[in-house]
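The values are calculated or read from the model by the stated rules, or taken from the named source; none is laboratory data. Everything quoted here is computed from the prediction, not taken from an experiment. A quick note on method: Cβ atoms are made from the backbone with ideal geometry, for glycine too, and the neighbour counts reach across all protein chains shown.
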Ligand SMILES: [Fe+2]
């Protein structure tokens, strides 16, 4: 039998007590936010007549997500990462910061401290014969079309098995992760391997939640970027390779039309040949446009917990072992 108690004075007063409204200490904004979230959840319990069994099953699921360090994986799956992007896009528009390559989600698998090189990097430390050789290059420009010499281009992607170095400890540290400083013409290039798409681990808490929603947890093949330069807005983005089954059906909602790039299969590539690759190459071109800004805070990536950025390698590895 369904009961409705949410709107009673007793429950409304109780929510205020729980959120610390009658306490002098604490953080006011935190109290307001928790009060809102709790109110929404209490109302949900009332409206859907959620019973004790269902409530405690949810608590177990949240514990399992935390134990597997999968909140960072479920977050894009539930659209939060994309929603935050949509809000930043709207703020840019309102402030008339238009133009520039679109942002899209970072994902949870960046690792700080990748080797840095000038203009070009060979990224595949580990042999990956199952994947096609990739010649990835482009030019960094401002919104007026001027090349940005010295722009910092950080690139990371997975291997042909869909696995990332650091999180996959069988790979050399920083395999397929590099920081490239663009040359005097704003150009960067990299020799690497075409990444594969990948999915959330089968049977893991994130997978269970997506299956409950009738959804899959697959991502198309993609390549992550951080691009920055003094006086320009920091760009967090990624390119999605065209032709993947999931290019337009990404569980993490990262795909944007302007960021879909088609690789060209070539029997040979003169530039790749200079770096010792004499066979077939898939050329991927991604030019990047940065938007100018005077605001220091917009020139830096937003803060979040990132591997090797703030914590020790050991604790990060332990925390991410099941991603
Ligand atoms: Fe990724």
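Some points to look at:
- Of all the numbered requirements in (1) within 14 Å of residue 155 (Cβ to Cβ); (2) more than 12 Å from the ligand (Cβ to nearest atom); (3) surrounded by 22 or more Cβ atoms within 10 Å (Cβ to Cβ), residue 181 misses one, and that requirement is (3).
- Some residue of the stretch 126-140 being more than 29 Å from residue 202 (Cβ to Cβ), without any contact (Cβ under 8 Å) to a residue 40 or more places away in the chain and either more than 16 Å from the ligand (Cβ to nearest atom) or assigned by TED's automatic domain parsing to the domain that holds residue 272 (or both): no
- For the stretch 156-178, a residue qualifies if it is surrounded by fewer than 19 Cβ atoms within 10 Å (Cβ to Cβ) and more than 11 Å from the ligand (Cβ to nearest atom), and the qualifying residues are 160, 161, 168, 169, 170, 172, 173, 174.
- Counting only helices (runs of 4 or more DSSP H) wholly contained in the stretch 1-84, the ones carrying 2 or more residues that are within 29 Å of residue 202 (Cα to Cα) and touching a residue at least 12 places away in the same chain (Cβ under 8 Å) occupy 52-67, 71-77.
- Search result, residues across the stretch 237-265 that are assigned to a strand (DSSP E or B) and surrounded by fewer than 14 Cβ atoms within 10 Å (Cβ to Cβ): 264, 265
- The condition (being assigned by TED's automatic domain parsing to the domain that holds residue 224, buried (at least 20 other Cβ atoms within 10 Å of the Cβ) and in contact (Cβ under 8 Å) with a residue 24 or more places away in the chain) is satisfied by just one residue among 115, 108: 108.
- Selection of the stretch 78-111 for residues being touching a strand residue (DSSP E or B) at 6+ places or on another chain (Cβ under 8 Å) and within 16 Å of the ligand (Cβ to nearest atom) yields 103, 104, 105, 106, 107, 109, 110, 111.
- Of the numbered criteria (1) under 24 Å from residue 180 (Cα atoms); (2) within 13 Å of the ligand (Cβ to nearest atom), the one residue 219 fails is (1).
- Subset of the stretch 199-221 (residues that are surrounded by 20 or more Cβ atoms within 10 Å (Cβ to Cβ) and more than 18 Å from residue 58 (Cβ to Cβ)): 200, 217, 219, 220, 221
- Residue match in the stretch 272-279 (condition: at pLDDT 95 or above, in the same structural domain as residue 89 (by TED's automatic domain parsing), in a loop (DSSP other than H, G, I, E, B) and within 28 Å of residue 125 (Cα to Cα)): no
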